[in-house]
Amino acid sequence: MKNLKISSKLIILVMILSSIIIFIGIYGITNLSTINDGTTTMYKDRVIPLKQLKVVSDAYAVNIVDASHKARNGNFTWSEAVENYKNAKTLIDENWDGYLGTLIEGNERKLVDEAIIMKKDCDLAYEKAFIILQKNRDSIAVRELNEFIINDMYNYIDPFTEKIGELINEQLHISEQINTNASIIYSNTQRNSYIIILISILIASILAYYIISNINKALKEANSIVDSLAIGDLTIEIKVTNNDEIGVLLQNLKNMTEKLKEVVESVILGAENISFASEQMNSNSQTVSQGANEQASSTEEVSSSMEQMGSNIQQNTDNAQQSEKISKDATEGINNVAIAAQKSLQSVKEISNKITIINDIAFQTNILALNAAVEAARAGEHGRGFAVVAAEVRKLAERSKIAADEIVSLAKESVEVTEGAGELMLKVIPNIQNTSKLVQEITAASIEMNLGSTQVNNAIQQLNQVTQENAAASEEMATTAEELTSQAVQLTEIMTFFKIGNYKSKSTIKQTLKNPNAQSNFGGAKKQVTHLSSTKPKSTGINLHIKHKEDYDFEKF
């Protein structure tokens, strides 16, 4: 029954009830037909024969006997009596023949056979009386009629009429049996109909209760599921046990719950991703804004530096023109320096010899201090103060020796440096001359660098403007990110209305954004200095490197 549809169950219930009703109808109609057949039989074979027998009996008792007495007594003429005889004979023959044509069986057949014999005697008596009545009325005829009445008529007619009475009683008896059978059939039909109706009601009630209880149970379960869904509980377990319409409804509710759960999880996941991404975007926007502000400040500093550098370049140009004259003077000065270096070399050698004497004195002082320390140790407690002084003198002697050694070493190095400087001075003079030529070239290059620095300064001013616009856009982006975070939090709070069990975040954005390799490098960005080549004085623009991972989501213009 669980696999049947509700319509099929109701059809089965209706078919069972219809079958019971049809059975009751057929049973009742059959019994009614039996009762009707009995009634028809009683009417045709019992009531009509009863009438016919009554007519036959009355025809003999009234028409013939009465007409005979009236004819004898002179109340009827003989012709009237003959006419009554004829009418009576006609009635008797018609009704008797009609009676014999009905159903005759059992004890009635025996009585009929006896009545047929008696009727023959009555017919003979009728013929005898009819012959007498056809004669002329005279004393002889009257006497014969009187003798007939006294001797023959009653002897023949009374036994027959009595037999007719027995047949009438037999008809009444058979009619009573038929009525009794009909009453029995009616009672049985009524009783059996009540029993069948009660059984039908019981069966129909059981089936109806079973069907209705299953429907109510399924509807209650569906209603409970709908109530759970109405309060946002998506953790409810839906079991589909029937294949009927309610089962289809439960299956659809189950599918809807699973899909709704997936949608809610997706919305929650999306809200988490949006919230985390907006927070990250807010942080990045603030970082970008801060970096843009710092970059704007840096560009202003660079612009100022470029202006200063342009001024310096102009100054260098002026200085380079003077450097040529100075380089000539430097050549003469270097010659003088070479001569002075020779004299300085001789003086350094003499200082070295003097320092050697100081070194010997320090060595002797050290020996004397050592001897004094030995003598102080021998003197014991009285020589302790002298021992301290001797130790200090020894230290001074050692330091003097060390200083003297260092001075000797420096003197030797000074000799070597001075000798090298003299030789170098002689070599520098041609270089200074070459330097004069280079200074001229530097002057021309400085003019070109001045033009290039002006172009670079203009580009930096444009970069400063773009940086400030980026800072403003970053602040607006941060505000938008905060609003988006608020909306995501609100959406998450709304989604908490639904219960979906143990939910685990499957956000891939968090994992991506939490990757250390994907962290922002704005705060740790190092300032890089672009060296302008002297061979390319004109500006070629600014090369912006925007290839950070977090910049992939931004549109590039």
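The values are calculated or read from the model by the stated rules, or taken from the named source; none is laboratory data. On a predicted model such as this, the values are computed, not experimentally measured, just so you know. Cβ atoms come from the backbone with ideal geometry, glycine included; neighbour counts cover every protein chain shown.
Observations
- Number of the condition not met by A404 [criteria: (1) surrounded by 14 or more Cβ atoms within 10 Å (Cβ to Cβ); (2) under 30 Å from Q322 (Cβ atoms)]: (2)
- For the criterion of being assigned to a helix (DSSP H, G or I), in the same structural domain as D318 (by TED's automatic domain parsing), surrounded by 15 or more Cβ atoms within 10 Å (Cβ to Cβ) and modelled with pLDDT of 80 or more, V393 passes.
- Checking K51, K89, K110 one by one, the residue that is closer than 16 Å to M153 by Cβ, modelled with pLDDT of 80 or more and either out of contact with any Ser or Thr (no Cβ under 7 Å at 6 or more places or on another chain) or assigned to a helix (DSSP H, G or I) (or both) is K89 and no other.
- Looking across the range 123-154, the residues that are more than 19 Å from T90 (Cβ to Cβ) and among the acidic types (D, E) come down to D138, E144, E147, D152.
- Subset of the range 217-241 (residues that are of a type in the set (A, V, I, L, M, F, W, C) and in a loop (DSSP other than H, G, I, E, B)): I231, L234, I236, I238, V240
- Residue in the range 495-503 that is touching a helix residue (DSSP H, G or I) at 6+ places or on another chain (Cβ under 6 Å), at pLDDT 60 or above, under 16 Å from S275 (Cβ atoms) and of a type outside the set (D, E, K, R) present: yes
- Residue in the range 269-286 that is of a type in the set (V, I, T) and farther than 30 Å from A478 by Cβ present: no
- When the range 233-244 is filtered for residues that are in contact (Cβ under 8 Å) with a residue 40 or more places away in the chain and either in contact with an Asp or Glu (Cβ under 9 Å, 6 or more places away or on another chain) or exposed (fewer than 15 other Cβ atoms within 10 Å of the Cβ) (or both), the ones remaining, listed by number, are D233, L234, T235, T241, N243.
- For the range 94-106, taking the residues that are farther than 15 Å from Y60 by Cβ and not hydroxyl-bearing (S, T, Y), the one that is surrounded by the most Cβ atoms within 10 Å (Cβ to Cβ) is identified as I104.
- Evaluation of G291 against (1) closer than 30 Å to S453 by Cα; (2) crowded, with 18+ Cβ neighbours inside 10 Å; (3) in contact with a helix residue (DSSP H, G or I) (Cβ under 8 Å, 6 or more places away or on another chain) (one fails), failing number: (3)
- Test result for S79, more than 30 Å from S205 (Cβ to Cβ), out of contact with any helix residue (DSSP H, G or I) (no Cβ under 9 Å at 6 or more places or on another chain) and not β-branched (V, I, T): no
- Qualifying residue in the range 264-286 (condition: buried (at least 19 other Cβ atoms within 10 Å of the Cβ), in contact (Cβ under 8 Å) with a residue 60 or more places away in the chain and not in a helix (DSSP H, G or I)): no
Okay, residues lined up against (1) free of Cβ contacts under 8 Å to residues at least 12 places away in the same chain; (2) assigned to a helix (DSSP H, G or I); (3) within 30 Å of T241 (Cα to Cα):
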site: L13; (1), (2), (3): no, yes, yes
site: S18; (1), (2), (3): yes, yes, yes
site: I24; (1), (2), (3): no, yes, no
site: T30; (1), (2), (3): yes, yes, no
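- Of all the listed residues (N353, N335, N366, N359), the sole one being assigned to a helix (DSSP H, G or I) and within 17 Å of N431 (Cα to Cα) is N335.
- Top-ranked residue in the range 46-91 [being touching a residue at least 60 places away in the same chain (Cβ under 8 Å) and of a type in the set (D, E, K, R); ranked as surrounded by the most Cβ atoms within 10 Å (Cβ to Cβ)]: R46
- Exactly one residue out of E350, E294, E300 is assigned by TED's automatic domain parsing to the domain that holds S400 and under 30 Å from E483 (Cα atoms), and it is E294.
- Scanning the range 107-126 for residues that are touching a residue at least 60 places away in the same chain (Cβ under 8 Å) and surrounded by fewer than 19 Cβ atoms within 10 Å (Cβ to Cβ) yields one hit, N107.
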